[in-house]
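Reviewing the structure listed below.
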Amino acid sequence: MHMPRSSVRYLIGAAWARTGEEMSGPALLLLGLSATGSISTGSTLWAALTATSALGGPLVGLALDRSARPARLLAWLLALYAFGLVALTLVLGSALPLGWAVATALVLGVLGPVLSGGWTAQLPALVRSDRLEHITTWDAMTFGAAALIGPALAAAVAAGAGPWVAVWASAGALVLAAALARSLPVVGHVKEQGRVGAQLLAGAAVCLRSPPLLRATAVTSLSLAGTGMVVVCVPMLGERFLGAAAHGAWLLSVMAVCSLLANLVLSRRTCAPSPGALILVCVLAQAAGTALVAVAPSWVGMAVAALVLGAAEGPQLTALFSVRHRHAPGHLRAQVFTVGASLKISAFALGAAVAGPLVERSVMLCLAVAAGVHLLAALTHGVLSLRRPGSGAVTGV
């Protein structure tokens with residue numbers, strides 16, 4: 001299928017934005033270690049960046065929904081985030097106490113959801129409705145590509161030029177994304193502007209009142225908490241099966257590649273399953289893949305498990321985007337996407353936090369709990385799929 005130039009610019013910009021995001025975390029970890037000699041400094045800064053995303057999602061989405069030129073506002077927000085990353089390195093490198101750097105990261109984290117949800121919310125205004133599903137699949141693929149390229153690029157730049165330059169490089173990727181966002185032919189319609197507070201509540205309410213949106217959001221958030229637990233186990237798995245903790249990153253690389261390939265196959269199918277059914281299948285596959293990691297007798301079993309996990313992760317994200325595009329009201333679409341991005345970041349971080357003490361006791365215990373979280377997500381899908389009188393549930397979504 002021929003892809004219009006505007007869609008190509010959109011996808012390239014989304015890839016740059018998400019690559020910059022994936023670079024920033026590892027780069028900050030390395031920068032904290034270099035600046036203070038403690039890895040906890042970098043992890044604190046990274047945690048601070050994610051901590052305020054739950055607040056930022058509704059606010060960023062509201063600003064985009066109320067803007068007559070959302071693509072231009074998106075460009076400014078991306079540029080501001082890039083500036084904030086550079087400012088964070090300057091504060092960390094100064095004589096100021098570490099608390100100032102943490103405060104800077106907390107403020108900057110408010111803009112975090114714009115890197116993912118803010119981009120995807122612009123898609124329906126950019127492409128024709130008959131192309132939306134196809135471009136949505138490619139949009140989800142940019143996450144997989146960024147997850148594969150971003151950390152490796154950050155490590156390479158840090159090794160060659162230092163961690164400071166690695167953070168600046170991630171900021172540079174965001175500046176490129178901002179330039180592409182500004183060039184998008186997306187113009188918002190002038191809408192009736194209600195009170196800010198009322199519209200802010202409306203964005204959260206639509207996620208709760210729409211059965212398909214509620215189901216997709218709840219299920220994928222729980223699933224991401226399980227994924228966060230698996231990621232915490234990766235260094236220990238690398239040490240057990242590949243001889244070194246650092247080699248565990250190969251597990252994430254295999255997952256990212258399989259995620260990309262699965263979405264590529266999905267993009268070529270003319271008859272795909274409904275998004276709701278696809279989310280359920282993917283969650284069950286993730287539960288199976290996580291359980292397989294827990295009982296894997298060798299690196300071969302771990303690689304097969306990573307293949308299953310990655311093949312489920314990509315289509316699940318595509319299905320989630322499809323549900324949001326179908327059911328989010330046009331005047332609240334950006335809020336739906338950015339609130340969803342906030343929940344995604346928060347759920348992943350919560351899963352990682354819970355996994356810490358569990359891993360210290362037993363990696364297998366942690367993975368078993370993670371598989372249970374995925375099964376809980378599947379159970380949640382079943383419960384929220386029950387048609388209730390007056391619910392307005394849409395079957396097959």
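The values are calculated or read from the model by the stated rules, or taken from the named source; none is laboratory data. All of these numbers come straight from a predicted model, not from anything done at the bench. Reconstructed Cβ throughout: ideal geometry from the backbone, glycine too, with neighbour counts over all protein chains shown.
Annotation: of all residues in segment 94-130 being under 17 Å from A54 (Cβ atoms) and of a type in the set (G, A, S), the one that is nearest to the chain's Cα centre (by Cα) is S116. Looking at this structure, is A166 surrounded by fewer than 21 Cβ atoms within 10 Å (Cβ to Cβ), hydrophobic (A, V, I, L, M, F, W, C) and either within 24 Å of the chain's Cα centre (by Cα) or modelled with pLDDT under 85 (or both)? In short, no. Inspect segment 336-345 for any residue being over 17 Å from the mean Cα position of the chain (by Cα) and either hydroxyl-bearing (S, T, Y) or closer than 29 Å to A145 by Cβ (or both) and give the result as yes or no. No, segment 336-345 contains no residue that is over 17 Å from the mean Cα position of the chain (by Cα) and either hydroxyl-bearing (S, T, Y) or closer than 29 Å to A145 by Cβ (or both).
The criterion of at least 3 residues that are over 23 Å from S259 (Cα atoms) and either outside the structural domain of P315 (by TED's automatic domain parsing) or aliphatic (A, V, I, L, M) (or both) is met, among helices (runs of 4 or more DSSP H) falling completely within segment 61-179, by 70-92, 98-109, 129-161.
Tell me, yes or no, whether segment 197-216 has at least one residue that is closer than 13 Å to K344 by Cβ and modelled with pLDDT of 85 or more. Yes: one or more hits.
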